[in-house]
Structure formats: C-alpha cells, structure tokens
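K.L.:
My questions will all concern the structure given below.
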Amino acid sequence: MKKILFPALLIIVSVYSRAQDAKMDAFINSLMSKMTVDEKIGQLNLVTPGGAVTGSVVSKDVDDKIRKGQVGGLFGITGPDKVRQAQDIAVKNSRLHIPLIFGLDVIHGHRTIFPIPLGLSCSWDTALIRRSAGIAADEATADGLNWAFSPMVDIARDPRWGRISEGSGEDPFLGSQIAASMVKGYQGSDYKSTHTLMACVKHFALYGAAEAGRDYNTVDMSRIRMYEYYLPPYKAAVDAGVGSVMSSFNEIDAVPATGNKWLLTDLLRKQWGFKGLVVSDYTSVSEMINHGMGDIQTVSTLALNAGLDMDMVSEGMLNTVKKSLAEGKTTQKQIDDACRRILEAKYKLGLFDDPYRYMDNSRPGKEILTASTRKAAREIAVHAFVLLKNDNQLLPLKRSGTIALVGPLADSKRNMLGTWSVSGDPDKSVSLREGIGNVAGDVNIIYAKGANISDDPMLVKRTNVFGPEITVDTRTPSDMIKEAVDAANKADVVVAALGEAADMTGEASSRSDISIPESQENLLKALLQTGKPVVLVLFNGRPLTLTYEDGHVPAILDAWFAGTEAGNAIADVLFGNYNPSGKITASFPRSVGQIPVYYNHKHTGRPYNGEDNAKFKSDYLDVANDPLYPFGYGLSYTNFSYSDVKLNKTSLKGNEPLMATVTVTNTGKYAGEETVQLYISDPVASVTRSVEDLKGFQKVMLQPGQSKDVTFTITTNELKFYNSDLKYDWEAGQFFVRIGTNSRDVKSAEINWAK
Ligand code: NOJ
C-alpha cells in the first residue's frame, strides 16, 4: 500500500506546486507588464535608514524613494509600527502599490539571543540549532520582519578572522548539516506562514578565507579546495531551499564575488539550480570601484550582468542601470530577470495577498522574549559549552563553601550576548554572577573584578564602538589584582571569568594576537599563585591561543558568548545540572604562527613524525605542528571508552554498504552525552587528499556504566572527492575508517573497496 501511496503523493505535490508556480507567473507577468523600466530598476534597490546595520554609509531620502517606486526592500528597522509606516508609503503612495520586504541581521536569535553560531555549532546538534532558528523566526516575524540575513556558513580556518564567530567552524560536512537545519528552522516547510521568514545564506562565497585573517581582504584559492571544502555549506543551504543568497565582499579568481558571473550564474543558478534572489552585501557593488573594476556604472552593470538581483545600499543599480540599458551594456531581460526574482520572493512571502501580514501588534507582547523563549535559550546554551580541561574532576563544583568569582566578564550583562546580536537587549541578559546566584544554592560568593578586559586604550576604543563592552576601572591594575587575590585567599575555589569582549570578534574585528589580553593574564597568574584551585570560564568568539592556560589552569570551560541566558546556563554546567558535551568545530592553535591549522589538512612530502633532531622536515623549530585542541575535541564530567572498530566486511565492491561499529561505554560517574565521530582517510588517489575528512557523527546519551553500539553505514558516497577535472567521484583502493571522540583520538580500521 505504502509503495503506491508515496509515488501518488509525490505526483499530487508536484502537480500542485506546478499549478502554484503558474499562478505566481501569471500574477507577476501581469504586474511587470504595468511596470516602467524605472520601476523595475527600483525593485533592485535595498536601502537602510540606519540602525542595526554594519556599513559605513546609510541610505538617504528613504521615504521619498519608496514613494517614487525606487525601493524594493528595506532593512535595519524593527517593530510592527515602524515597519508598517514604511510599508504604508509603498502600498498607499507608490504608483503600483508594490509591498516592500523587510530584512535584518537575525544571526543567533532575534530578541532572545542564543549562543554565537560558532558556539552553537559545538553542540553538533542540528535539531537544537534548527529549533533556535525557528524561535528566531517567530520573534523576528512578530517584530515585523520577513527576511533574515542568515545563515552565515563561511568555512573558516583562521581564528584571527573575527567573523569566525558567526559561522560553524572549519568543517564542510558539519557546516553543511548546520546550514540546512538553519534554513529549515527559519523557513519552515515554506515561508508563507507568518511565523517563518525567508533565509539568506551568506557570504557567497569563500569570505572566510580572507588572507591573513584580515576582514574584507583578498581570497585566492584553487578550484579543488573550493569545491571540496568551502562551497558545500552554501550548496547545502541551496538544496534545503534557501530563498536568497548574499554575495560576499571578496574576490574569486580575481573578480569580486558581487560581479562574478561564473559564481552567481554558472555555478549558483546553472549548476546548483538556485531559483531565488541574490542580494549584494552592504555596498559590495560600489566597493568594486575600490577593487579596481571601474566606475559606479561599470561595476553596477557588471553585478547585474553577473546575476546579482538586489543592490544593498550602493544605489549603483538605481542610478546607472537605465543608462547602461540605453548604451547597450545590459539588456532588458537582465533587468526583468532580477526584478522578477525579487517580486517572486514577495509573492512567496504572501505580501501581495496582505502586505501587512507580518505587522500584528498583538504578537510582540506574546511572542518576544517570553518565559518559554528564555527557557529554550538556557536549554540550548548548555549544549554549546566545551570542557577543555578538567584535572582531578575539579568540575562540577560543590554547592557548599566559598567561591571567589573573579574577572572582568563575571559581572557583565552586555558581553553575554556576543557579537551581532543587534536586537538583543543586554539589560535583559543574565550575567554569570547572577546565574551563579540563581543556581549555586548554599554557596558563599565573593566577587572581585580583578582586571579590565584590556588596558590597551586603542583596543578599548575600537571594541566599544557599539557600546561600553570594556568598562575601564579607575583603580590601578595592581589594586584590582590585590582585591581579587584577597577574595581567592578566602575561598575554597576560584572561578575566573576571562576572555574577550563580545565585539573583539565579529565583523571588522580581526586580531593578530589571539591570546587572553595581558591585563587578564596577569590576574590569572596572580590567582594561580594563591594555590587555590582555579576554574577558568572562558568567553571568546574565536579559538584563542591557550598554551599557558592549558599548562597551568586545572579546569577550563569554554562558554563562548552564550546569549540572553548565558549566566544561568553556565552556572547549570558549573554545578552539574548539565554535563557538558560540546566539541570544538575550529582547531585551537598553540600559537598564531601555526595559523592556518586545521584537521583536514594535506600530507606533505616531508612529514615530521616527532623525530629528534629532525632536519629538512615540514615542521617548526619552536612549536609543534598540531593544534593545542583538535577539531572535534571536548571533554565531559564522565569518561567514554571506545572499542576497536568492528566492520561487517573488509573487502567491498561497488555499491554494497559497509557497516562500521564501535561500542562506546560510559566509564565514569555521571550520565553524559558523547558525539561519536566518523572520519575517512583515503591514502592513495589521483589527486592528493587530506589526512582525513569527517563523514558522519552520532550523539549518544549514556548512563554511568552503560554501553551502546554505534553503527555508521558507509557507502561509496562517503569516499567521493573532486578530482583534477572537478568530477566528484571515488577511486577504488585502500581506505581507513576512523571512529573516535575527536579528530585526533580515533580507532582505525582498514578496508579495500573495489569498483
Ligand atoms: C555587512 C555584513 O557583511 C553582512 O553579514 C550583513 O548582513 C550586512 N552588513 C547587513 O547588516
């Protein structure tokens, strides 16, 4: 019965969706037949009246332009009333009454803020991440919005780059799964519901590979690396049905992405079949002038002809495309195609049925930052934390005795939200001090700030652009440290809340030194000298260099920036209400000089294998090759042991599947969740391959003493890679199946797979 029903259902769905498409086409054809060229070009214009945006210029005369039909969409405003005011002008006062779309950077939550994306990715929990995006969509649509500039899926191997915080780290397999789940979380099954919105995958493409980790810098990359490692998450978002794509600031093969026809048309639309709209990043059209691609007319035409539909803030399209049409530099079809894709997005959002459908004044009070969204934020946040070290089971803390809570991030609400939380209210977030107060019970807490986040006036000034994240104490550093040491001397244990201010990562926040700032290092050293056990709770938007901390501090919990409920969630983990299970998704280097250091690197012809007095090997004189903490690493309050890998076969042929099983046992005292990771290594191929690639993972919850078999089904799909002809295929031969607790600590089994 099922066998008949399923195909029948598919046929019904496809007939229905074709009928819907035909209805949409007829509507848009009729509308476009009434539009002048100017009105069509007007749709390509995305403006912002300022506010929650990141760019150095804001649009002028916005109301007037809307009235004249010179605006297709608007971003940077929130609230049903404000959005309604703008929509009113478009719908009531423009000639064709075409509604606007309203976008915003909804990145890791809207009003209820979740952990920064890099932190969320450490949960390896796609259902949880999808849930966070769903809540963000609920809140954002209640706030009048229908377009989120998210997910950001740029692969990043360079922690100097501040925007590593906004993505899911260094791995394309995990990154792709997260990209797809975020799109589904935002858009639901389609985005016609007033509780879902259109997602926008960004920054297409390769933005995370900026040279030297400096934001907005040049990118140069081979096609094989691009296809194998950097493009998959964007493709996964497209396959998940993302409605829009944002082009990136960087160049690709010496042509900026925003004007790159190969990227926006040949790859995105022709190879991947993307049908939605492509918007530029903020002024990335006019920035092509600085890239050396010509004047504003030339770059705007370049972008349009390359396949860009909407120009964010540059207004180059608005002001020059008509001239280019008259001069034969672009075509009416090019303008029509771009305009049509924007109108289609509006149609799919239901805006032609009701332009005010996202502007329901009764919703914000009921749906934004409620007890239930806060509860979800707390539940989600605990999964993001990564236990980097826990000597002698210092954690979880006991709910008795005295704790010295020390550090410039211990009593900060503002920094809890993390970068790019434009609609989050720092006053509504929970500081660590408050969280510990809520969770610790009968514990005596002595608080001391101990140090400023940084004493470097330039860093303070540049970090505080969006508000006072680094508050500078007027006391001397030694007075502050003394107060903290006195507190430590009176305590049984010290909790030191140290790290970065929220906006020391994020856009335009690259750092060349990614250690904990000196003022705080001095504090940490003084605390360690007291001889009291120190738990370091780390706040950071990127992997930091922690060689000193790893060598000296007994327990380190990486809390990233965990959002609105940060303090409660961290306290939940510190006191054992939740056993941490996060695993890092970007390698932590030992020193900046190792960067880029990432797990899926290539072999070299002169590998260094730890030999004494090695010469002429690929290594450093002054530091090891491997990272301090490898990709996939993260501890638990309990321990997990892994059996050897058991295979159903060691020789395979063609399409038969391989089953690889490990038995994982909880050998410790606490119940805990483990993320079991599958890597595959292909030692000989027609092109050089990485040492290993993540090809699967499963999360298992185990009670103390409990064992579970975890089985991965591996097919030839998992063996595929891009060869010199950019063909995605597998080659017969030997492979290693590696399963373990992180990318370094794995059990390995050999197989042979014939064609
Ligand atoms: C520039 C950023 O690169 C992008 O991520 C963001 O969506 C826009 N500004 C709009 O704020």
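K.L.:
Which is open to solvent by 10 Å² or more (accessible area, probe 1.4 Å) and either of a type in the set (Phe, Trp, Tyr) or within 16 Å of the ligand (Cβ to nearest atom) (or both), of 168, 176?
P.N.:
Being open to solvent by 10 Å² or more (accessible area, probe 1.4 Å) and either of a type in the set (Phe, Trp, Tyr) or within 16 Å of the ligand (Cβ to nearest atom) (or both) holds for just one of 168, 176, which is 168.
K.L.:
Answer yes or no as to whether residue 386 is touching a strand residue (DSSP E or B) at 6+ places or on another chain (Cβ under 9 Å), in contact (Cβ under 8 Å) with a residue 24 or more places away in the chain, surrounded by 20 or more Cβ atoms within 10 Å (Cβ to Cβ) and more than 16 Å from residue 534 (Cα to Cα).
P.N.:
yes
K.L.:
Of everything in region 530-587, what is over 24 Å from the mean Cα position of the chain (by Cα), assigned to a loop (DSSP other than H, G, I, E, B) and of a type in the set (A, V, I, L, M)? Give them in sequence order.
P.N.:
Selection gives 553 alone.
K.L.:
Name the residue, out of 632, 672, 668, 654, that is of a type outside the set (Phe, Trp, Tyr) and more than 30 Å from residue 125 (Cβ to Cβ).
P.N.:
Result: 654 is the single residue among 632, 672, 668, 654 that is of a type outside the set (Phe, Trp, Tyr) and more than 30 Å from residue 125 (Cβ to Cβ).
K.L.:
Kindly establish whether residue 568 is buried (at least 24 other Cβ atoms within 10 Å of the Cβ), in the same structural domain as residue 432 (by TED's automatic domain parsing), more than 22 Å from residue 743 (Cβ to Cβ) and modelled with pLDDT of 95 or more.
P.N.:
For residue 568, the condition - buried (at least 24 other Cβ atoms within 10 Å of the Cβ), in the same structural domain as residue 432 (by TED's automatic domain parsing), more than 22 Å from residue 743 (Cβ to Cβ) and modelled with pLDDT of 95 or more - is met.
K.L.:
Further, regarding this structure: In region 237-269, how many residues are open to solvent by 20 Å² or more (accessible area, probe 1.4 Å) and among the small types (Gly, Ala, Ser)?
P.N.:
3
K.L.:
So, one more: Quick test of your reading of the structure: residue 717 fulfils all but one of (1) open to solvent by less than 60 Å² (accessible area, probe 1.4 Å); (2) within 28 Å of the chain's Cα centre (by Cα); (3) of a type in the set (S, T, N, Q). Name the failing condition by number.
P.N.:
Every listed condition holds for residue 717 apart from (1).
K.L.:
Out of region 283-339, which residues are within 16 Å of the ligand (Cβ to nearest atom), open to solvent by 20 Å² or more (accessible area, probe 1.4 Å) and outside any loop (DSSP other than H, G, I, E, B)?
P.N.:
Of everything in region 283-339, those that are within 16 Å of the ligand (Cβ to nearest atom), open to solvent by 20 Å² or more (accessible area, probe 1.4 Å) and outside any loop (DSSP other than H, G, I, E, B) turn out to be 287, 290.
K.L.:
Just a yes or no: is a residue in region 112-124 open to solvent by 10 Å² or more (accessible area, probe 1.4 Å), closer than 18 Å to residue 199 by Cβ, assigned to a loop (DSSP other than H, G, I, E, B) and within 16 Å of the ligand (Cβ to nearest atom)?
P.N.:
Looking for residues that are open to solvent by 10 Å² or more (accessible area, probe 1.4 Å), closer than 18 Å to residue 199 by Cβ, assigned to a loop (DSSP other than H, G, I, E, B) and within 16 Å of the ligand (Cβ to nearest atom), one finds none in region 112-124, hence no.
K.L.:
Every residue in region 572-588 that is out of contact with any Lys or Arg (no Cβ under 9 Å at 6 or more places or on another chain) and crowded, with 24+ Cβ neighbours inside 10 Å, please.
P.N.:
573, 574, 580, 582, 583, 584, 585, 588
K.L.:
Kindly list the number of the only condition in (1) over 30 Å from residue 365 (Cβ atoms); (2) buried (at least 21 other Cβ atoms within 10 Å of the Cβ); (3) under 34 Å from the mean Cα position of the chain (by Cα) that fails for residue 20.
P.N.:
The single condition residue 20 does not satisfy is (2).
K.L.:
Follow-up. Yes or no: residue 230 among the hydroxyl-bearing types (Ser, Thr, Tyr), under 20 Å from residue 159 (Cβ atoms) and buried (at least 17 other Cβ atoms within 10 Å of the Cβ)?
P.N.:
So residue 230 fits the description; yes.
K.L.:
Every residue in region 308-336 that is within 33 Å of the chain's Cα centre (by Cα) and free of Cβ contacts under 8 Å to residues at least 12 places away in the same chain, please.
P.N.:
None; the set is empty.
K.L.:
What are the residues in region 125-142 that are over 15 Å from the mean Cα position of the chain (by Cα) and within 16 Å of the ligand (Cβ to nearest atom), if any?
P.N.:
Residue satisfying the conditions is 140 alone.
K.L.:
Further question on the same structure: Within the set of pairs 6 or more residues apart or between chains, which connect a residue that is not assigned by TED's automatic domain parsing to the domain that holds residue 130 inside region 151-165 to a residue that is more than 15 Å from the ligand (Cβ to nearest atom) with Cβ atoms less than 8 Å apart?
P.N.:
none
K.L.:
So which residues in region 199-223 are open to solvent by less than 20 Å² (accessible area, probe 1.4 Å) and small (Gly, Ala, Ser)?
P.N.:
Those that are open to solvent by less than 20 Å² (accessible area, probe 1.4 Å) and small (Gly, Ala, Ser): 199, 205, 208, 210, 213.
K.L.:
Turning to a different aspect of this structure: For region 214-234, state whether one or more residues are at positive phi, within 16 Å of the ligand (Cβ to nearest atom), within 22 Å of the chain's Cα centre (by Cα) and assigned by TED's automatic domain parsing to the domain that holds residue 170.
P.N.:
yes
K.L.:
Going by what's in this entry, would residue 145 be described as over 18 Å from residue 418 (Cα atoms), within 16 Å of the ligand (Cβ to nearest atom) and in contact with a Ser or Thr (Cβ under 8 Å, 6 or more places away or on another chain)?
P.N.:
Working: over 18 Å from residue 418 (Cα atoms): yes; within 16 Å of the ligand (Cβ to nearest atom): yes; in contact with a Ser or Thr (Cβ under 8 Å, 6 or more places away or on another chain): yes.
For residue 145, the condition - over 18 Å from residue 418 (Cα atoms), within 16 Å of the ligand (Cβ to nearest atom) and in contact with a Ser or Thr (Cβ under 8 Å, 6 or more places away or on another chain) - is met.
K.L.:
Can I ask one more? Can you tell me which residue is modelled with the lowest pLDDT among those in region 27-52 that are touching a Phe, Trp or Tyr at 6+ places or on another chain (Cβ under 7 Å) and within 12 Å of the ligand (Cβ to nearest atom)? I'd like the intermediate steps shown before the answer.
P.N.:
Let us first name the residues in region 27-52 that are touching a Phe, Trp or Tyr at 6+ places or on another chain (Cβ under 7 Å), namely 27-28, 46, 48.
With the extra rule that they be within 12 Å of the ligand (Cβ to nearest atom), the set shrinks to 46, 48.
On the way: 46: 98, 48: 95.
Ranking the candidates gives 48 first.
K.L.:
In contact (Cβ under 8 Å) with a residue 24 or more places away in the chain, within 16 Å of residue 117 (Cβ to Cβ) and within 14 Å of the ligand (Cβ to nearest atom) - does that describe any residue in region 238-246?
P.N.:
Yes, region 238-246 contains a residue that is in contact (Cβ under 8 Å) with a residue 24 or more places away in the chain, within 16 Å of residue 117 (Cβ to Cβ) and within 14 Å of the ligand (Cβ to nearest atom).
K.L.:
Hey, among the residues in region 179-198 that are within 20 Å of residue 363 (Cβ to Cβ) and within 16 Å of the ligand (Cβ to nearest atom), which one's surrounded by the most Cβ atoms within 10 Å (Cβ to Cβ)?
P.N.:
Filtering first and then ranking leaves 197.
K.L.:
At pLDDT 95 or above, in a loop (DSSP other than H, G, I, E, B), surrounded by fewer than 19 Cβ atoms within 10 Å (Cβ to Cβ) and in contact with an Asp or Glu (Cβ under 8 Å, 6 or more places away or on another chain), is that true of residue 515?
P.N.:
On the way: at pLDDT 95 or above: yes; in a loop (DSSP other than H, G, I, E, B): yes; surrounded by fewer than 19 Cβ atoms within 10 Å (Cβ to Cβ): yes; in contact with an Asp or Glu (Cβ under 8 Å, 6 or more places away or on another chain): yes.
In short, yes.
K.L.:
Shifting gears a bit: Looking at (1) more than 16 Å from the ligand (Cβ to nearest atom); (2) in a helix (DSSP H, G or I); (3) within 19 Å of residue 46 (Cβ to Cβ), find the lone condition where residue 274 falls short.
P.N.:
(2)
The values are calculated or read from the model by the stated rules, or taken from the named source; none is laboratory data. Since this is a predicted model, take the numbers as computed values, not measurements. Positions of Cβ are backbone-derived with ideal geometry, glycine not excepted, and every protein chain shown enters the neighbour counts. Side chains are part of the model used for accessible areas, which takes the heavy atoms of the whole protein and leaves out ligands, DNA and RNA. Shrake-Rupley method; radii C 1.70, N 1.55, O 1.52, S 1.80 Å.
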